[in-house]
1. Of all residues in region A:254-293, count the ones that are in contact with a strand residue (DSSP E or B) (Cβ under 6 Å, 6 or more places away or on another chain), part of a helix (DSSP H, G or I) and crowded, with 24+ Cβ neighbours inside 10 Å.
2. Being buried (at least 18 other Cβ atoms within 10 Å of the Cβ) and within 14 Å of another protein chain (Cβ to nearest Cβ) narrows it down to one residue among B:30, B:34, B:88; which is it?
3. Here is a list: A:218, A:194, A:236. Which entry is facing chain B (nearest Cβ under 10 Å) and modelled with pLDDT of 95 or more?
4. From the residues in region B:73-86 that are more than 9 Å from ligand 2 (Cβ to nearest atom) and touching a helix residue (DSSP H, G or I) at 6+ places or on another chain (Cβ under 7 Å), which one is farthest from residue B:189 (Cα to Cα)?
5. Of the numbered conditions (1) surrounded by fewer than 24 Cβ atoms within 10 Å (Cβ to Cβ); (2) in contact (Cβ under 8 Å) with a residue 40 or more places away in the chain; (3) farther than 20 Å from residue B:226 by Cα, residue A:227 fails exactly one; give the number of that condition.
6. Quick check on region B:172-179. Is at least one of its residues away from chain A (no Cβ under 11 Å) and within 16 Å of ligand 1 (Cβ to nearest atom)?
7. Is there a residue in region B:136-146 that is surrounded by 24 or more Cβ atoms within 10 Å (Cβ to Cβ), at pLDDT 95 or above and either away from every other protein chain (no Cβ under 14 Å) or more than 30 Å from residue A:84 (Cα to Cα) (or both)?
8. Does residue A:208 satisfy being surrounded by 13 or more Cβ atoms within 10 Å (Cβ to Cβ), away from every other protein chain (no Cβ under 13 Å) and away from ligand 2 (no atom under 16 Å from the Cβ)?
Ligand SMILES: Cc1cc2nc3c(=O)[nH]c(=O)nc-3n(C[C@H](O)[C@H](O)[C@H](O)COP(=O)(O)OP(=O)(O)OC[C@H]3O[C@@H](n4cnc5c(N)ncnc54)[C@H](O)[C@@H]3O)c2cc1C
Ligand SMILES: Nc1ncnc2c1ncn2[C@@H]1O[C@H](COP(=O)(O)O)[C@@H](O)[C@H]1O
């Protein structure tokens, strides 16, 4: 089996998720080559052929150009599997490549055995086993699902590539969501509010528990999107990544994008009315209860200590 | 999405009999954005399309009450078994000769969750597409969108209509349909097309099985009286974490 791994690069640096692609190929026992739009000043530690397009010409975000560069490499390498991260770069580019190849795309793969790919369904409540019906297959890998057994090492054999494709999209630069305010990455105790708090007013009981414990409050994305909490409180892939001593998740279902931001916490307590909520997968303790009752009861007991 | 999912007897999809049915969360942002553009430019005509069983019409009625002008129901009792390529082919076949200036989809569905359909439709139609947008501005055919990346970063992307955009959580605040608008929506056109008239091609992938993942959590589960749980939690905090020291 031959795979092509599509590495990622942003703002002058190679992204670490690239090594998860290598781990995936390793798990399959497959041969691999790598594709990167990047720079030879930030090469991956990788033993194999690296098809490298210069980011100064191809741009960091330029799907039409990246697609053409990839198709050229695929035509040459003839891989059976083309592997992306299930990231903002990967889920944007992968379908473009899959359609051009007339290939199946299997998204957000969490496990693989032979030609069967495992993916989550229904907000991670269920799983599906999928098989491709086409000769070539495009896959995107869920972040964190595959890990290298050892530190990455090696030196790639670089082959420079380029294309003269025009793009219908114009990249106007990056913008950072404003930072400032509280820095949750430094907090040792975080109590987080999810959509399960039901309404803005209930954030108060979450922040009171946080205060009683001597920590900060955080939030899941819907709570921030609804403007019940500031963006700097958001935990997850598109917010902060935290690893406090104690993380208390209140009314949070445990979507992969939230888990990615907090699963390294030392001790995790989840409060949820749903015993089967995926947050249970990472929680040391799952308290099956209505947070509107349990959170004030807990706060009261802690305040009395 | 309901919390209780059961796998159907075929073992390839979930049983939808006892589930409450609602619009895919990401699609609410798509509907809202389309209606906002209509409010902005005045002369605009918004079609909402959904592929599925008869029940999806209920969802489309919400979109009509939010301000869409017409609904198109692509009737398909087996839509759950279709792969992203087939779903995208159906949408593209419908849209091909309609001359839409803008197509909005969700960035992903909550059940299939492939995050493919929108971009595939655009590629099939030869339209530029921007995925995962959290901000959208339209000025005389000029589109400025912000794509969300990881870690709180956004990319500013400009393009020209006709184009397709896939909508991410937080793009806007979807409106609640008002009672008068719900009444008005009842009179709006709701067209039904049979899926066979739009789909020629076959699936690129197949589901071998669907199942409930094995619990590997192994964490402690506390249930029962809230006061007792609170006492247990205090005990655990004292013993297992240093935080109450
Ligand atoms: C590209 C991308 C990036 C994303 N980035 C992030 C991110 O950075 N951070 C993030 O959090 N999400 C992110 N998301 C969204 C993520 O997929 C989920 O939609 C989100 O995390 C769900 O938030 P939630 O758990 O608060 O809400 P829900 O999933 O709606 O869960 C609510 C939970 O509360 C429970 N509940 C309800 N009532 C009560 C009660 N009274 N007492 C106790 N429990 C109760 C329910 O059982 C349920 O488990 C991202 C999504 C995408 C596609
Ligand atoms: N059955 C369907 N009917 C209409 N649109 C759909 C359907 N399935 C998916 N879509 C659209 O495609 C988007 C992405 O879906 P997916 O690729 O399945 O994650 C959704 O947010 C919808 O906008």
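1. 4
2. Values: B:30 fails: within 14 Å of another protein chain (Cβ to nearest Cβ); B:34 fails: within 14 Å of another protein chain (Cβ to nearest Cβ).
Residue meeting the stated conditions: B:88.
3. On the way: A:218 fails: facing chain B (nearest Cβ under 10 Å); A:194 fails: facing chain B (nearest Cβ under 10 Å).
Sole residue among the options that is facing chain B (nearest Cβ under 10 Å) and modelled with pLDDT of 95 or more: A:236.
4. B:85
5. That leaves (2) as the condition not met.
6. Filtering region B:172-179 down to residues away from chain A (no Cβ under 11 Å) leaves B:175-179.
Applying the additional criterion that residues be within 16 Å of ligand 1 (Cβ to nearest atom) yields none.
No: zero hits.
7. no
8. Details: surrounded by 13 or more Cβ atoms within 10 Å (Cβ to Cβ): yes; away from every other protein chain (no Cβ under 13 Å): yes; away from ligand 2 (no atom under 16 Å from the Cβ): yes.
For residue A:208, the condition - surrounded by 13 or more Cβ atoms within 10 Å (Cβ to Cβ), away from every other protein chain (no Cβ under 13 Å) and away from ligand 2 (no atom under 16 Å from the Cβ) - is met.
The values are calculated or read from the model by the stated rules, or taken from the named source; none is laboratory data. Please read all numbers here as calculations on a predicted model, not as lab measurements. For neighbour counting, all protein chains shown are included, and Cβ atoms are generated from backbone atoms with ideal geometry for every residue, glycine included.
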